[in-house]
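Engineer: Would you mind keeping the following structure in view while I ask a few things?
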């Protein structure tokens, strides 16, 4: 058995990308920025109101222990969810590139993060 996080860190020195959101470039910069801001605001609200957000999520948890659910939420929804940081963005690019080189992803990904180069927004 392999701990994927430890393996990834040893291989790349980067944080393990666990998820992300994608949006079509054809929607245009303004709509992409609007969606990115709405997602960021929603995540920030959940972080600021963790107890309320966790209580809501527990409706869908199928008998998951609340303390364990709180631990999972802390691991997977945190400040990195709001902003990957430069190393997190590099980790996403590296993961997709490795997937392409391994033949898992048929086309090379051209990753852009909403807000890169735009002074009005954080990266998403």
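The values are calculated or read from the model by the stated rules, or taken from the named source; none is laboratory data. As the structure is a prediction and not an experimental result, all values here were calculated from the model. Glycine also receives a Cβ, built like all others from the backbone with ideal geometry; neighbour counts cover every protein chain displayed.
Engineer: Of everything in segment 64-90 that's touching a helix residue (DSSP H, G or I) at 6+ places or on another chain (Cβ under 7 Å), surrounded by 13 or more Cβ atoms within 10 Å (Cβ to Cβ) and assigned to a helix (DSSP H, G or I), which residue is modelled with the highest pLDDT?
Structural biologist: 88
Engineer: Every residue in segment 41-63 that is in contact with a helix residue (DSSP H, G or I) (Cβ under 8 Å, 6 or more places away or on another chain) and not in a helix (DSSP H, G or I), please.
Structural biologist: 61 - this is the single residue of segment 41-63 that is in contact with a helix residue (DSSP H, G or I) (Cβ under 8 Å, 6 or more places away or on another chain) and not in a helix (DSSP H, G or I).
Engineer: Test residue 9 against the criterion of being in a helix (DSSP H, G or I), out of contact with any strand residue (DSSP E or B) (no Cβ under 8 Å at 6 or more places or on another chain) and over 27 Å from residue 98 (Cβ atoms), and give yes or no.
Structural biologist: no
Engineer: Does residue 15 satisfy the criteria of being touching a helix residue (DSSP H, G or I) at 6+ places or on another chain (Cβ under 6 Å), part of a loop (DSSP other than H, G, I, E, B) and at pLDDT 90 or above?
Structural biologist: Spelling it out, residue 15 is indeed touching a helix residue (DSSP H, G or I) at 6+ places or on another chain (Cβ under 6 Å), part of a loop (DSSP other than H, G, I, E, B) and at pLDDT 90 or above.
Engineer: Evaluate segment 26-40: report whether one residue or more is in a loop (DSSP other than H, G, I, E, B) and either exposed (fewer than 11 other Cβ atoms within 10 Å of the Cβ) or without any contact (Cβ under 8 Å) to a residue 40 or more places away in the chain (or both).
Structural biologist: Checked against the condition, which is being in a loop (DSSP other than H, G, I, E, B) and either exposed (fewer than 11 other Cβ atoms within 10 Å of the Cβ) or without any contact (Cβ under 8 Å) to a residue 40 or more places away in the chain (or both), segment 26-40 yields at least one hit.
Engineer: While we're on this one: Considering only residues that are assigned to a helix (DSSP H, G or I), in contact (Cβ under 8 Å) with a residue 40 or more places away in the chain and touching a helix residue (DSSP H, G or I) at 6+ places or on another chain (Cβ under 9 Å), look in segment 91-118 and name the one that is farthest from residue 5 (Cα to Cα).
Structural biologist: 94
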